[in-house]
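Inspection log for the structure reproduced underneath, given as structure tokens.
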Amino acid sequence: MIEFRPLGSSSAGNAYYVTDGTTPLLLEAGLRFADIRRMLRFRTSDIAGCLISHEHSDHIKAAAEVMKAGINVYASAGTMAAAGLTGHRAIPIEARRQFTVGTWTVLPFEVEHDVEEPLGFLLANQDGEKLLFATDTYYIRYRFSGLSMIAIECNYSLAILDENILAGRVPVAMKKRLLRSHFSLENVKDFFRANDLSKLQEVWLLHLSDNNSDAAAFKREIQALTGAAVYVADR
């Protein structure tokens, strides 16, 4: 059984703990490493690897310290170069070329964000369970089958964003960037409709905007659409 635990999920910092009961992983390292260690009860030596989606600091802040702690960091070559990560613990990976970390098989895939070479990840354990992890993207071009769990960005709602712009609470320029860099509720729902949800048990909504989201409404709508248990990661 896959266990997924958010440690931080906002523009202030993103990090997630995931395990299949045998191999614990860190997804993203956008918090202070001291905080990550504290939230994991100082058991970071158990972590088999850290997957990083892209080079923005709220996803990669602690990567150098993670490597110093003896944990391999996996990210695209573009992300590694942009973040200046080097050394034998910095493992470059490629989209659509799978690799293994302990008992996990990981398939990176391209996502759409305003950075060098961002990735999402499909993780499969030895029991055949699959976790899709995707954040900081406005679109996912691929379709997946047999997903057990989906952890996905649901940053904003177009309706709430437009209302905030009209009220002067959000600058108009922000809309252009959001449309080309972050997942809206509307696009997330389209993603779910396009995929096989027959084995889906659990959904985590990640990286909700402080101003342009409604956690309770997002949870209700995704639960009604998928029929799965839906959780919203703490911001």
List the residues whose amide H sits under 5 Å from the amide H of Leu7, counting only those 5 or more places along or on another chain, with H placed 1.01 Å from N in the peptide plane.
Ala15, Tyr16, Tyr17
Expected vector for segment 20-34, Karplus 3J(HN,Hα) from phi with 6.51, -1.76, 1.60 and θ = phi - 60°, integer Hz, x for Gly and Pro, equals 9, x, 10, 10, x, 10, 10, 10, 6, 9, x, 10, 4, 4, 4
Return one number: the angle in degrees, 0 to 90 and rounded to the nearest 10, between the long axis of the Cα atoms of helix 215-226 and the longest principal axis of the Cα atoms of the chain.
80 degrees
Which distance in Å, rounded to a whole number, links the C-alpha centroids of segment 159-190 and segment 45-83?
29 Å
Magnitude of the Cβ-charge dipole of segment 107-200, K/R +1 and D/E -1, about the Cα centre, nearest 20 debye?
280 debye
HN-Hα J couplings of segment 99-108 from phi, Karplus 6.51/-1.76/1.60, θ = phi - 60°, integer Hz, Gly and Pro as x?
8, 10, 10, x, 8, 9, 9, 10, 10, x
Segment 180-186 - phi-based ³J(HN,Hα) in whole Hz, Karplus 6.51/-1.76/1.60, Gly and Pro as x:
10, 8, 10, 7, 8, 3, 5
Using the Kirkwood formula on alpha carbons, the hydrodynamic radius of segment 9-81 in angstrom works out to 12.0 Å
Under 5 Å between amide hydrogens, which residues at least 5 positions from Glu112 or on another chain qualify, with H placed 1.01 Å from N in the peptide plane?
Tyr138, Tyr139
A correct fewest-to-most ranking of Leu225, Leu85 by other Cβ atoms within 10 Å would be Leu225, Leu85
With 10 angstrom as the radius, rank Arg180, Arg43 by how many other C-beta atoms surround their C-beta, starting from the fewest.
Arg43, Arg180
Quick one: Cα convex hull volume of the chain, Å³ per residue?
113 Å³
Distance from the Cα centre of segment 93-134 to that of segment 209-235, in angstrom?
23 Å
If the cut-off is a Cα-Cα distance under 25 Å, which lysines reach Lys175, setting aside same-chain residues fewer than 8 apart in sequence?
Lys189, Lys219
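Per DSSP H run of n ≥ 4, the term is -39500 (n - 2.57); total these for the chain, divide by its residue number, and report the mean residue ellipticity at 222 nm rounded to 500 deg cm²/dmol.
-7000 deg cm²/dmol
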Fewest-first sequence of Asp114, Asp214, Asp58 by Cβ atoms within 10 Å of each Cβ
Asp114, Asp214, Asp58
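Every number here is computed from the coordinates shown, using simple stated rules; none is lab data. Note that this is a predicted model, so its numbers are computed, not measured. Cβ: placed from backbone, ideal geometry, glycine included. Neighbour counts: every protein chain shown.
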